[in-house]
Every structure is written in C-alpha cells, then in structure tokens.
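Worksheet for the structure shown next.
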Amino acid sequence: MDNKDIRVRIAPSPTGFLHIGTGQSALYNWLFAKKMGGKFYLRIEDTDRERSTKEYEESILGALCWLGLDWCGEVIHQSERIQLYRTALEKLLSEGKAFYCHHSQEELEAERQRQEFEKQPPRHECNHKDLPLGKEGGGIIRLNVGDSTQVISFEDQIKGHIEFKAGLLGDFSIARSVSDPLYNFAAVIDDAEMEISHVIRGEDHISNTPKQILVYEALGLPVPLFAHLPLILAPDKSKLSKRHGAMAVVDYKKDYLPDAIVNFLGGLGYTFSKDLLSREEMIQEFELSKVHKSGAIFDTKKLNWINSQYIRRLTPSEFKNLTGLNVSDLAVPLITERLEKLSDAQEFSYLWEAPVYEKELLKWKDSSLEDVKDSLTKTLVVVEELETITDESLRNKLELLSVDTGKASPNNRSVGRGVVFWPLRVVLSGREKSPDPVQLAVVLGKDEVIKRVKEAIGKI
Ligand SMILES: [Zn+2]
C-alpha cells in the first residue's frame, strides 16, 4: 500500500458528547495518519434519528477542535447516504446473499431462551433464506451467512491473528428495511465508499469485525485492515464509568489544557520515550503495531501531574485569557507553579482581592493579639521605609526584626520569626497555607501591603 492511500476515520454517533475513549481513538487515528502521510476523516453516524441531535454533533466537532485533532475535508453524515445503503441492500437481496426473515419477535425470543438454556451462543439461523418467503419484503433483512462451519479470521494490526467461527454469528440482521440499515451494514458501505484502509477503533468493536468482514465479502468489496485499541479501564480495572470522573471530553475543559489531555491520552495505551511530549513528538514516535494490546488504566493523578506541567508553561497572558482572572503578571507564576487544575486558581483570590479572615488567625502559637499588633506595627514601618518591595530587601529587614522580637521574648529567634512572618502571611493571604509571605508582598506591591497591614492593625 502506498502511504498516500492510507485513510482512517472516526465515526461517533451524535447521541451524546464526545467520550474520552472516543477522544483517544481519534488521537491514535490522527497520529497514524500524520505519521504515514495519510488522511484522517470524520463521519457522523446519525442514522438513529430519535437520539441524534445537532447540538451533540456540534459539541463533538468542538471537542475534536479543542484537542487539536483536525480532520480532512467535509464532515460525512450517514443520514445523507441512505440511497447508497439501499442500492447495496437491493443488490444483496437480488443475489440471494441477503433475505427477509419473517420470524416474529416471540419466535426469536423463544429461540434465544432455548439457546441460553442449552448454554449455546445466541444466534438465529433462519430457514426462510431457502424459502420463497425469504424474497418477500416486510421482514427484517439478514445476511445469508452460508457455511456455518467456516472460520473468519483477520490479522489485527495491534492484537495479531484473530478468528471467529461463522456458526456463532448465525444469519445476523443487517437492516430493518432497505431504507433502514443497521450499524454493521452501514459502517461497511461507508468505510468501503470512503476507501478507508485501516479501521482503528476500540476493542469493544471486535465482535462486529467478523460480521463486517462477511458483509465486505458478500458485496465483493476489498476488506480493510483492522486495529483494535485497548479499552480505557478504571484503576480497579473495571469499566470506566461516571463515578471515576468526567467521561465527556467537554467536561475537562474547565480544569485541563488540551495539550495535557492529548499528552495523557497518548500515553494511556502507548509507551512513548518520555512522559511529556508534544503532538509533533508523538507523531514522530508513533507506530500502530506498538500500541498496547490490553487495558490502559485511567490514572487521574497522572493526568493532574501532566496538566500541572503544562500550566507552568503558560505565559501570564495565556493564563489570564484561559481563566478570565484579573491578576498581575508578576503574581501568575505564584499560581501556575502550584496548580493542578485551572479552576483551583480561585484559591489564590487574595492575589487580586483583599482576603477575609478572623483576627484570631493572626496569632502565632501562644502569642497574644497585642504581640501581633506590635509586630505588624513594626512591619509597617519597615515596609514604608522601603522604596519598593524586593524579595531581598524585605526579607533582610524582617529577619532583623525577628531577631529583635526574639530577644524581647523570653524564648528565641524562631519564636521571633513566627511572630513576625505568621501575621504577615495571614494579613496578605487570609490563609494558614500560602506561598511565602515575602513573595506575596513582592507581587502585591508596597501600596497594597501597607493597605492590608493597616487594616489588620485596625481590626485588633
Ligand atoms: Zn428468521
């Protein structure tokens, strides 16, 4: 195969938001296409009229754009291709490769229960295919699977050789009517018509593959190569579900950077040479055959760590655009160095608005409010004497003040430091935990520090 003939796709249904697993399938298809110089397409499987909506479709497109996974050409819609499926179904019916099954729901259900009782796989081998009845419209359309002893096999590009016995499938259904094809039929027609060379999708599709191969063969169409990606599992190896966190890509937008999500999803089913890498680097390294064969574990801690690394790289203006926060450029690194999720930036609100706190919080260990007042009054003098606050100048002065305060108390210097630095931390942040108070003073600036210290003294 010529590399320019490599064509892949993802085919989500607009019956919900883009699932994180589909996002990963999209990424691997995209990486493979980019690596091989091929093309990546987007097909919307919207034949389920009742559950498909335009809103979901727009959300799916938006999520792919957000992840930076660009597709080739126009978005393809199944709903616009009904005539294509109809022509193919009529061809199979006229050749006797498909037929109408007139068995009632009750009859099929009774057969299913019998098979369950006999511990046989559920399937329907239909005798109508050999009767004139099979040519009469009105029933569900099934593929005439023929020899039930045949083995259907394929070389999975990730998992290796896989085979199924046709007898396990029965004469499976392919359409409710000539204008209402079922998934396994429509997907084959679409993939053939789009000349898809590699069908790369989640391993939950593996049981569809033998059915689709039989449809390709019945239609005399070339069978593409298949590659089934490992499913993403929860840390306890159960199926990933809502209780493990957000499931839709759009749910990640408020907390995560798209580069971090792409980096994380890339590493979920693949071992790259390093933990942090750009899309370009992923493309360079990616080989389909090296995708892991089984369960990728969704580790939120890893995702958060990757996200924190990308947040650190944001410039102040990028950070402010993303969060909408009105914070000084100088203060941004104080936040981004400590952030795993963007929405947690609110915890640093004291960097752009005066904090609210109880005056009791100002007391260091068993010091009194009088001690605090004394210390803050001296700190105020120190700050007012500085032309501008720099880390070095303020820190040196406060250390000297700590020594004096320590001498005055019957204890020692560390008590002095506590009595000086602790109230300043609370005055500036309103919190027990914050970045170093001198760093806070530097980014807040002389005027704001004086204002907050005076207010605190006034409170006592
Ligand atoms: Zn039947």
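The values are calculated or read from the model by the stated rules, or taken from the named source; none is laboratory data. Note that this is a predicted model, so its numbers are computed, not measured. Ideal geometry is used to build each Cβ from the backbone, glycine not excepted, and the neighbour counts take in all protein chains shown.
What do you reckon, is residue 101 under 22 Å from residue 25 (Cβ atoms) and of a type in the set (A, V, I, L, M, F, W, C)? Let's see the steps before the verdict.
Working: under 22 Å from residue 25 (Cβ atoms): no; of a type in the set (A, V, I, L, M, F, W, C): yes.
Judged against the criteria, residue 101 is not a match.
Kindly list, by first and then second residue, each pair from a residue in segment 34-55 that is surrounded by fewer than 18 Cβ atoms within 10 Å (Cβ to Cβ) to a residue that is assigned to a loop (DSSP other than H, G, I, E, B), limited to pairs with Cβ atoms under 7 Å and residues at least 6 apart or on different chains.
That search, which allows pairs on different chains as well, returns 35/286; 48/13; 48/15; 51/15; 53/14.
For segment 1-49, how many residues are of a type outside the set (Ser, Thr, Tyr), outside any strand (DSSP E or B) and over 18 Å from the mean Cα position of the chain (by Cα)? It would help to see each step written out before you state the result.
Step one: filter segment 1-49 for residues of a type outside the set (Ser, Thr, Tyr), giving 1-12, 14, 16-21, 23-24, 26-27, 29-40, 42-46, 48-49.
In the following step, the residues that additionally are outside any strand (DSSP E or B) were identified as 1-6, 11-12, 14, 16-18, 20-21, 23-24, 26-27, 29-38, 45-46, 48-49.
With the extra rule that they be over 18 Å from the mean Cα position of the chain (by Cα), the set shrinks to 1-6, 32-38, 45-46, 48-49.
Final tally of qualifying residues: 17.
Select, from 164, 172, the only residue that is under 15 Å from residue 210 (Cβ atoms) and within 12 Å of the ligand (Cβ to nearest atom). Full working, then the answer.
Details: 164 fails: within 12 Å of the ligand (Cβ to nearest atom).
After applying the criteria, what remains is 172.
So in segment 266-288, with the set limited to residues that are in a helix (DSSP H, G or I) and closer than 18 Å to residue 301 by Cβ, which one is modelled with the lowest pLDDT?
268
Which condition from (1) in contact (Cβ under 8 Å) with a residue 60 or more places away in the chain; (2) loosely packed, with under 14 Cβ neighbours inside 10 Å is the one that residue 262 breaks?
(2)
Within segment 93-134, track down each residue that is more than 14 Å from the ligand (Cβ to nearest atom), part of a helix (DSSP H, G or I) and touching a residue at least 12 places away in the same chain (Cβ under 8 Å).
Once the filter is applied, which keeps residues that are more than 14 Å from the ligand (Cβ to nearest atom), part of a helix (DSSP H, G or I) and touching a residue at least 12 places away in the same chain (Cβ under 8 Å), segment 93-134 yields only 93.
Limited to segment 203-239, what total is found for residues that are touching a helix residue (DSSP H, G or I) at 6+ places or on another chain (Cβ under 7 Å) and either small (Gly, Ala, Ser) or under 15 Å from residue 23 (Cα atoms) (or both)?
Summing the residues that are touching a helix residue (DSSP H, G or I) at 6+ places or on another chain (Cβ under 7 Å) and either small (Gly, Ala, Ser) or under 15 Å from residue 23 (Cα atoms) (or both) in segment 203-239 gives 8.
Go through (1) assigned by TED's automatic domain parsing to the domain that holds residue 88; (2) polar (S, T, N, Q); (3) surrounded by 14 or more Cβ atoms within 10 Å (Cβ to Cβ); (4) outside any loop (DSSP other than H, G, I, E, B) one by one and return the number of the condition residue 209 breaks.
(1)
Might you check whether a residue that is among the acidic types (Asp, Glu) and over 39 Å from the mean Cα position of the chain (by Cα) occurs anywhere in segment 115-129? Please lay out each step first, then the result.
Within segment 115-129, the subset among the acidic types (Asp, Glu) is 116, 118, 125.
The next check asks that each one be over 39 Å from the mean Cα position of the chain (by Cα); those that pass are 118, 125.
Within segment 115-129, one or more residues are among the acidic types (Asp, Glu) and over 39 Å from the mean Cα position of the chain (by Cα).
If residue 223 passes every condition in (1) assigned to a loop (DSSP other than H, G, I, E, B); (2) hydrophobic (A, V, I, L, M, F, W, C); (3) free of Cβ contacts under 8 Å to residues at least 60 places away in the same chain but one, which one does it miss?
(3)
Starting from segment 1-23, keep only residues that are in contact (Cβ under 8 Å) with a residue 12 or more places away in the chain, then list their pairs with residues that are surrounded by fewer than 16 Cβ atoms within 10 Å (Cβ to Cβ) and of a type outside the set (Val, Ile, Thr) whose Cβ atoms are within a distance under 7 Å, requiring at least 6 positions of separation or different chains.
Here the result reads 3/37; 4/37; 7/195; 13/48; 15/48; 15/51, each pair linking segment 1-23 to a residue that is surrounded by fewer than 16 Cβ atoms within 10 Å (Cβ to Cβ) and of a type outside the set (Val, Ile, Thr).
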